[in-house]
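Data block below; observations after.
The values are calculated or read from the model by the stated rules, or taken from the named source; none is laboratory data. Being a predicted model, the structure only gives us computed values, none of them experimental. Neighbour counts run over all protein chains shown; Cβ positions are idealised from the backbone, glycine included. The accessibility values were calculated without ligands, DNA or RNA, using every heavy atom of the protein model including side chains. Shrake-Rupley method; radii C 1.70, N 1.55, O 1.52, S 1.80 Å.
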Amino acid sequence: MSLKGKLLVAETTAYGDSFFSRSVILITEDHEDQIVGFILNSPKELTLQDVFPEAKSNFILFTGGPVEQDNLYFLHNLDELKDKSVSITESVFWGADFNSLAVLLEEKQLMRNQLRFFLGYSGWTKSQLENEIQEKYWTLIDNPFGDKLLRISPNELWKELMKLLGDEHLLWANAPTDPILN
């Protein structure tokens, strides 16, 4: 069974982890012994224009994960780019021809819920991720948001998934980022 298109939801055991505490990761590649994904809810205080001034775009950059943080990646739901993209789900795509994207950015035709830029990515070997799931560091789920995944506020995504997971997760949905402050 492929994990591509599934979500990894950080469990409370990830508290204190500078990259993964309260994170939600979309798995974009499940291939042989490598799993790749992007943290959907970790915005940086940088915009695309801060990194690429010629882009003239104020799209916020996200931390995709701890691997290759000097590389830029993007996910989108743009029909006009999907032919040159890797399909992750029926409505979420990874990458595309950057020149075509640059034209759309320059024409200011794009909305924030259509596109998300990442510096870096998250990666595991299959056995490493299987161990982390078994140790309850992550919960692996199907994407409950379908084509609306990129529309969910990054600040609300983890909380919404905690509510959907129910049971003991409900308690954590409204807990402060630092439980000591509760």
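For segment 41-53: of the residues being in contact (Cβ under 8 Å) with a residue 12 or more places away in the chain and of a type outside the set (Lys, Arg), which is surrounded by the most Cβ atoms within 10 Å (Cβ to Cβ)? Reasoning before the result, please.
Keep residues of segment 41-53 that are in contact (Cβ under 8 Å) with a residue 12 or more places away in the chain, which gives 41-44, 46-48, 51-52.
Next, from what is left, pick out any that are of a type outside the set (Lys, Arg): 41-43, 46-48, 51-52.
On the way: ASN41: 20, SER42: 22, PRO43: 14, LEU46: 14, THR47: 15, LEU48: 19, VAL51: 14, PHE52: 15.
Restricting to residues being in contact (Cβ under 8 Å) with a residue 12 or more places away in the chain and of a type outside the set (Lys, Arg), the top hit is SER42.
Restricted to segment 117-175, and to residues there that are of a type in the set (Gly, Ala, Ser) and not in a helix (DSSP H, G or I), the residue that is nearest to PRO43 (Cα to Cα) is SER153. Pairing each residue of segment 64-80 that is at pLDDT below 95 and open to solvent by less than 40 Å² (accessible area, probe 1.4 Å) with any residue that is hydroxyl-bearing (Ser, Thr, Tyr) and outside any helix (DSSP H, G or I), provided the two are 6+ apart or on different chains, yields C-beta distances under 7 Å for ASN77/SER91. Screening GLU45 against (1) within 25 Å of GLY146 (Cα to Cα); (2) part of a strand (DSSP E or B) leaves a single unmet condition, (1). For segment 6-29, does any single residue satisfy the condition of being over 17 Å from ILE152 (Cα atoms), in contact (Cβ under 8 Å) with a residue 12 or more places away in the chain, among the acidic types (Asp, Glu) and not in a loop (DSSP other than H, G, I, E, B)? Within segment 6-29, one or more residues are over 17 Å from ILE152 (Cα atoms), in contact (Cβ under 8 Å) with a residue 12 or more places away in the chain, among the acidic types (Asp, Glu) and not in a loop (DSSP other than H, G, I, E, B).
Condition check ((1) of a type in the set (S, T, N, Q); (2) exposed (fewer than 14 other Cβ atoms within 10 Å of the Cβ); (3) within 18 Å of GLY37 (Cβ to Cβ)) across all residues:
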| residue | (1), (2), (3) |
| --- | --- |
| GLN114 | yes, no, no |
| ASN131 | yes, yes, yes |
| TYR137 | no, no, yes |
| LEU140 | no, no, yes |
| LYS148 | no, yes, no |
| ARG151 | no, yes, no |
| GLU168 | no, yes, no |
| ALA173 | no, no, no |
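Of all residues being over 15 Å from PRO144 (Cβ atoms) and among the small types (Gly, Ala, Ser) in segment 87-101, which is modelled with the lowest pLDDT? Just the residue, please.
Taking segment 87-101 and keeping what is over 15 Å from PRO144 (Cβ atoms), we get 87-88, 93-101.
Checking which are among the small types (Gly, Ala, Ser) leaves us with 87, 95-96, 100.
Numbers: SER87: 94, GLY95: 93, ALA96: 92, SER100: 87.
Result: SER100.
For SER87, the criteria (1) farther than 25 Å from ALA173 by Cβ; (2) hydroxyl-bearing (Ser, Thr, Tyr); (3) open to solvent by 30 Å² or more (accessible area, probe 1.4 Å); (4) in contact (Cβ under 8 Å) with a residue 24 or more places away in the chain hold in every case but one, which is (4). Please determine whether any residue of segment 28-35 is within 23 Å of LEU164 (Cα to Cα) and either under 16 Å from the mean Cα position of the chain (by Cα) or open to solvent by less than 40 Å² (accessible area, probe 1.4 Å) (or both). So far as segment 28-35 goes, yes, one or more of its residues are within 23 Å of LEU164 (Cα to Cα) and either under 16 Å from the mean Cα position of the chain (by Cα) or open to solvent by less than 40 Å² (accessible area, probe 1.4 Å) (or both).
Residues considered: LEU110, LEU119. Of these, the only one that is modelled with pLDDT under 95, under 22 Å from GLN49 (Cβ atoms) and surrounded by 13 or more Cβ atoms within 10 Å (Cβ to Cβ) is LEU110.
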